[in-house]
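Structure first, then comments.
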Amino acid sequence: MSRVRSISGRGKRRKKKVMDLDITSLLDILVILLVFLLKNYNASGIVLNVPKGIELPSSQSQSLNTSGIIVQVSPNTIWVDNKIVLEAQNDTLAEDRTGRRIIPLFNELVKKKEVIKQIEKSSPNAKKFSGVVNLVVDKTIKYSYIKKLMYTTAEAGFGKYKFIVMGEE
């Protein structure tokens, strides 16, 4: 026997149920992500790679850092913008006759200043030379050596100092 297809019964088979979608858990996840991203947002825009030999001192300061040349100092190495300037620290060879200035650091900072000045002259939209140096200094470094660092940077034309420290939550 052949089956007779009825047109009247077709519409009933094709109707599908309307599914209700509960998005409460999805909204919870989105809110958690938003809070996480806002908490970890860094408005300064400065990325800093701290070398292994440097342990930063802690601080409760809430002020943000500004852009500038980054000088990193560990007990046996000095970096300027991630370039090693002085390694295996021997104060007598690295200092000038007065003992107040670190010669390799001074030479590198003067080169950096000249490059910034040339870029400033060649491009009208370039940032002006601010004279800011960000000092990332290991907490075991003696104050007398920090004084030499500050004197050297000032002699090279960088008279504004920003000390980078580890913030406390």
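The values are calculated or read from the model by the stated rules, or taken from the named source; none is laboratory data. Since the structure is predicted, the reported quantities are computational estimates derived from the model, not experimental observations. Reconstructed Cβ throughout: ideal geometry from the backbone, glycine too, with neighbour counts over all protein chains shown. Note: areas computed on protein heavy atoms with side chains; ligands, DNA, RNA excluded. Shrake-Rupley method; radii C 1.70, N 1.55, O 1.52, S 1.80 Å.
Residues of the range 113-125 that are of a type in the set (Gly, Ala, Ser) and open to solvent by 80 Å² or more (accessible area, probe 1.4 Å): 122 alone. When the residues of the range 131-151 are filtered to those that are among the hydroxyl-bearing types (Ser, Thr, Tyr) and in contact with an Asp or Glu (Cβ under 9 Å, 6 or more places away or on another chain), the one that is least open to solvent (accessible area, probe 1.4 Å) is 145. Of the listed requirements (1) loosely packed, with under 13 Cβ neighbours inside 10 Å; (2) without any contact (Cβ under 8 Å) to a residue 24 or more places away in the chain; (3) within 22 Å of the chain's Cα centre (by Cα); (4) under 21 Å from residue 52 (Cβ atoms), residue 128 misses just one: (4).
Residues that are of a type in the set (A, V, I, L, M, F, W, C), modelled with pLDDT of 85 or more and touching a helix residue (DSSP H, G or I) at 6+ places or on another chain (Cβ under 8 Å) within the range 100-154 comprise 102, 103, 105, 106, 109, 133, 135, 137, 149, listed in sequence order.
Inspection of the range 84-96 finds a residue satisfying the criterion of being of a type in the set (A, V, I, L, M), touching a helix residue (DSSP H, G or I) at 6+ places or on another chain (Cβ under 9 Å) and open to solvent by 90 Å² or more (accessible area, probe 1.4 Å).
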